[in-house]
Structure formats: C-alpha cells, structure tokens
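Mind looking over this structure? Questions follow.
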Amino acid sequence: MARIVMKFGGTSMAGMERIRNVAARVKHVVAQGNEVAVVVSAMAGETDRLVGFCREASPLYDPAEYDVVVAAGEQITSGLLAMTLKAMGVDARSWLGWQLPIRTVEAHAKARVESMETGALLAAMGAGQVAVIPGFQGQMEDGRVSTLGRGGSDTSAVAVAAAIKADRCDIYTDVDGVYTTDPRIVARARKLHMVTYEEMLELASVGAKVLQTRSVGLAMKEGVRVQVLSSFDDPTQDDLPGTLIVSEEEIEDNEMERQLITGIAHDKNEAKIIVTRVPDKPGAVANIFGPLADASINVDMIIQNDSKDMEETDVTFTVPRADLARSVDILEARKDSIGFRRIITDSEVAKISVVGVGMRSHAGVAALMFKTLADRGINIEAISTSEIKVSVLIDEDETELAVRVLHTAYGLDADAPAA
C-alpha cells in the first residue's frame, strides 16, 4: 500500500498498442492497493512534429503561442490513457495542467514549476481513481498554458510526487535502469542498483539521457525517491529491479566505499568558443558572460589564459551546440564594448565525464583519466571539475573510443556483456 507516481516517456506512449501496455502496468499497480498518479509524455516524435509546425509558421515564433501548440501532444496521450484504463475497468480521469493547476513562473517554453494545488487530486486518488496528468505543461500567472522545456515530463512527475508526498516516483523509459555508461557503446556496461542524487545530477548534466537534469535537482531538493524502470518488460512482474536514485544516507557505507566511480557519460551537444585578445582587466570577462546569461545561454567549461606581458587574454568556453550561432551573434554585437580581436568556434567536440562520490576520498582519479586518454593519443582541449566529477573536452570523432577505454580503466566492465 503506497502512493506512487508513474511516469511514461514518449517511446512508452508511441501508439495504441504501447498505451494499452502502459494501462496494463498501471492496472497491475492499482490492483496491489496503491494510490496512483500517472504522468505521460507525448507520443515519440510528436513534439518534434509540432515544433516543426511552429518553425514553419514563423521562424521567430512567439514562445507563448509555441507553448499552446507543443502542449497538445501530452494532452492527447493523457486522454487516450484515461480512456484505455476505463475500458480495462480502472476508474481514471485526465487532469490537464490548468485543471490542477500546476503553477509555473519565468519564461514560456522553459517555465519552472512554482506550486501545485493537490486537494481535488488527492481526494480523487483517495477514492480509488487513477489521475492521468500530462507532463511538460503548466499554467502561468496570466492563465496561459506553459511548457517546461524539452524533457520536462520528468520534472512534472517529480513535482507531482513532491506535491502529493508520494512514496516513490517511478520513471518508465526505454532502458531498464541507469548504467555505468551507454550500453550501445560499451557492451560490458553494468546496471547500477542505486545512485545518489548528486551522482545522477552530474551524470544527467554531462550527457546521460536517462533523466532530465532539472528533475534530478528537484528530486534531491524535495527528497523524492526516484526509480528508473523499463516500460517494455512484462507489466505484471514485480521482481524486475531498476535503478533507485536516493539520498547518500540511504546507500550503505560499504557500497559507497567500494564504488569509486559510478559512471562515464558523454555529450556531443557541445560547441567551443574562443574569444581572442580580450583586455586583461577587471570586468572584461563579465562583459562576455553577462550578455550570454541574459539570453539564458548556459556556459559550461571556462578557461582564461593569463598573459601578463601583453595585457590581453584569450577566453575559451563551451555552450550547447544549438546556442552556438546565437552566442556568436550576441558577442559580435558587443565587440566594441568587450574589446576582443576575433571569435573562433568549433562545433565538432564532445565532453567526456567521469562521475562518482568516491572521488571525495580517493586521489588520482583525474590523473588516471588524463593518462588513459594520452595513452590512446586522445588530446584534451579543456577540463572542468567538481567535487564528484571530472570532465574533458575532446574531438567528437574520438568519443566512443574515449568512453570505452575509460570504462575499462576504472574497472567498470561487467564480467559478461549486458543483456
């Protein structure tokens, strides 16, 4: 007997056959006596199709109207799943973002959940009704529909779980858990039983595609226990373990000690920008990154080459590849005020990251990474670190090789290929 939020991604909702499979899984969980809320994504490819219509209508579309269009995908799947559950004899109804409501703030197309009214929702769930909620959407202060950014259904699910004080938030996707790296690149990647919020946050932020970064951050803030499961397994089986994302305290001390490195992540969605001959004086770097921040462009790795003799410096940093052209336009428009010579860009780069809470108590993790890459002739173009992560920027063509050799170097290979 528990209160559970079940979230299903686009591949899980891709057509009526898949929706019936989801409904069967929900029915099985309800039959065990649980109170259930379901959060759904749009059908696989549907959001891309709707975004394409927006771009065709106007290259410089209004973000508020964009939200009206792209929020329709989740509305369709929530209604279809509720219909299917009812046809299976399960009491269910759909709750759109404005009906709860899920209140959001900040900008259209990248809104942030601020609060959620749950009185009516909890009453319905307590009476045995399954709540089907479209992910990715909410309501702005002016009453207009908003969306949370791509992958936002994960955040919706965690927000719902936090608001209704769920015992667990199960994220069903096309993989059966979190692996030490992408099994498509390394056949001997291992599925992890438990991962800390901090590790998952780092893995998500540096390229692991299992969960959206914002959803992990929200889960950590609100203490929501998250489990990653496959929606393609038998919906009536209860003994198919996924991966739990939980607090560090919940993971046994001996397991934490044994697990030096949790995983290797890669991200090809990176672009490098070098701003040359910047005046080496107070405020110069702020003149570069301030306008980018104002445009909501996330800057990752930053390197400043100090040049005492020339009183100038080169500033190197990375941005999401999709924001490269916009970043260059913003900086070029401020060339006179910044005072740089020219901008050099490279979009054929990738970020490779080694993540693990064991780094806190073990030296030599970065050194092993650098030596392993050097031994295979892989050049490092930039480095960034955190308490539990080391990331390097390399040539995109060497991504798969780097992931494989690092996975082996840190002893993450399984004894047999992953199923």
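Let's test the formula: R0 of 45 Å, r as the Cβ-Cβ distance of E332 and D415. What FRET efficiency results, to the nearest 0.05? Mind showing how you got there, number by number?
On the way: r = 54 Å, r/R0 = 1.19.
Using R0 = 45 Å, I get an efficiency of 0.25.
Let me ask something else. Enter the accessible area per residue of region 272-360 (Å², integer; probe 1.4 Å; all protein chains in place).
Numbers: 4430 Å² over 89 residues.
Per-residue accessible area for region 272-360 comes out at 50 Å².
Please give the length that would be gained between M83 and T408 if that part of the chain were fully extended, namely 0.36 nm times their separation in residues minus their C-alpha to C-alpha distance (nm, one decimal). Write down the numbers at each step before the final one.
Values: separation 325, 0.36 × 325 = 117.00 nm, distance 4.83 nm.
Additional length available on full extension: 112.2 nm.
Which distance in Å, rounded to a whole number, links the C-alpha centroids of region 276-343 and region 63-116?
40
Mind checking the per residue accessible area of region 1-78 for me, 1.4 Å probe, whole number of Å²? Don't skip to the end; give the middle numbers.
Working: 3410 Å² over 78 residues.
Dividing the accessible area of region 1-78 by its residue count gives 44 Å².
Summing -39500 (n - 2.57) over the DSSP H runs of n ≥ 4 in the chain and dividing by its residue number, what mean residue ellipticity at 222 nm do you reach, to the nearest 500 deg cm²/dmol?
Values: 14 runs with 143 residues, N = 419.
Estimated from H runs of four or more residues: -10000 deg cm²/dmol.
Moving on. Add +1 for every Lys or Arg and -1 for every Asp or Glu among the other residues with Cβ under 14 Å from the Cβ of R376, and state the total.
On the way: positive: K371, R404; negative: D375, D395, D397, E398, E400.
Net charge in that neighbourhood comes out at -3.
Related question: On the accessible surface of the chain, probed at 1.4 Å, how many percent belong to carbon and sulfur atoms? Could the numbers behind the result be given before it?
On the way: 9430 of 18890 Å².
Using a 1.4 Å probe with all protein chains present, the chain comes out at 50 percent carbon and sulfur.
Express the relative contact order of region 1-137 as a whole percentage, based on alpha carbon pairs under 8 Å and six or more residues apart in sequence. Write down the numbers at each step before the final one.
On the way: 222 pairs, mean separation 38.8, N = 137.
This gives 28 percent for region 1-137.
Still on this model: Of K335/K389; K165/K191; K110/K371; K191/K272; K191/K371, which ones are farther than 30 Å apart at the Cα? Write down the numbers at each step before the final one.
Working: K335/K389 34 Å; K165/K191 28 Å; K110/K371 40 Å; K191/K272 32 Å; K191/K371 26 Å.
Going by Cα-Cα distance, K335/K389; K110/K371; K191/K272 fall outside the 30 Å limit.
Count the net charge of all other residues whose Cβ sits under 11 Å from the Cβ of G73, scoring Lys and Arg as +1 and Asp and Glu as -1.
Working: positive: R49; negative: E46, D48, E74.
Charge balance near G73 sits at -2.
Mind giving me the nanometre distance, one decimal, between the label points for V68 and F232, set 7 Å out from Cα along Cα→Cβ?
Computed distance between label sites V68 and F232 equals 3.8 nm.
Another question about this same structure. Expressed as a whole number of Å, what is the distance separating the alpha-carbon centroids of region 147-173 and region 1-47?
Here the answer is 13 Å between Cα centres.
So for each of 214-225, 360-371, 318-329 I average, over its residues, the number of other beta carbons within 10 Å; can you give me the resulting order with the highest mean first? Can you show the working numbers first?
Details: 214-225: 20.5, 360-371: 12.7, 318-329: 16.8.
The peptides rank, most packed first, as 214-225, 318-329, 360-371.
Arranged from highest to lowest average of other beta-carbon atoms within 10 Å per residue, in what order do the peptides 398-407, 52-61, 88-97, 376-385 appear?
Details: 398-407: 19.9, 52-61: 11.1, 88-97: 18.2, 376-385: 14.8.
In decreasing order of mean packing, 398-407, 52-61, 88-97, 376-385 become 398-407, 88-97, 376-385, 52-61.
Pick from L292, L203, L81 the residue whose mean-square fluctuation is largest in a GNM of the chain, springs joining Cα atoms under 10 Å.
Checking each option, the largest mean-square fluctuation is seen for L292.
Which of Q99, Q75, Q137 ends up with the largest GNM mean-square fluctuation for the chain, with Cα atoms connected below 10 Å?
Evaluated over the chain, the most mobile residue of the options is Q99.
On to the next question. Could you derive backbone 3J(HN,Hα) for region 383-390 from the dihedral phi with the Karplus parameters 6.51, -1.76 and 1.60 (θ = phi - 60°), listing whole Hz in sequence and x where the residue is Gly or Pro?
9, 9, 9, 9, 4, 10, 8, 10
Below 15 angstrom from the Cβ of L324, what's the summed charge of the other residues (Lys, Arg +1; Asp, Glu -1)? Intermediate results must be reported in sequence, preceding the final value.
Values: positive: K268, K272, R321, R326, K351; negative: D267, E270, D300, D323, D329, E332, D346, E348, E396.
Residues near L324 contribute -4 overall.
With a point put 7 Å past each Cα toward its Cβ, work out how far A127 is from R321 in nm, to one decimal.
5.1
Still on this structure, please answer the following. Of all beta bridges DSSP finds with both residues in the chain, what is the antiparallel percent, to the nearest 5? Provide the component values of the computation, followed by the final result.
Working: 45 of 72 bridges.
Roughly 60 percent of the DSSP beta bridges within the chain come out antiparallel.
For the residue pair R150 and A363, what label-to-label distance in nm results when each label sits 7 Å from Cα along the Cα-to-beta-carbon direction?
Distance between label points: 4.3 nm.
Please find, in a Gaussian network model of the chain (springs between Cα atoms separated by less than 10 Å), the residue of D174, D62, D154 whose mean-square fluctuation is greatest.
D62
The values are calculated or read from the model by the stated rules, or taken from the named source; none is laboratory data. Treat the numbers as computed from the prediction; the structure is a model and nothing was measured. For neighbour counting, all protein chains shown are included, and Cβ atoms are generated from backbone atoms with ideal geometry for every residue, glycine included. Side chains included, ligands, DNA and RNA excluded: accessible areas come from the protein's heavy atoms. Shrake-Rupley method; radii C 1.70, N 1.55, O 1.52, S 1.80 Å.
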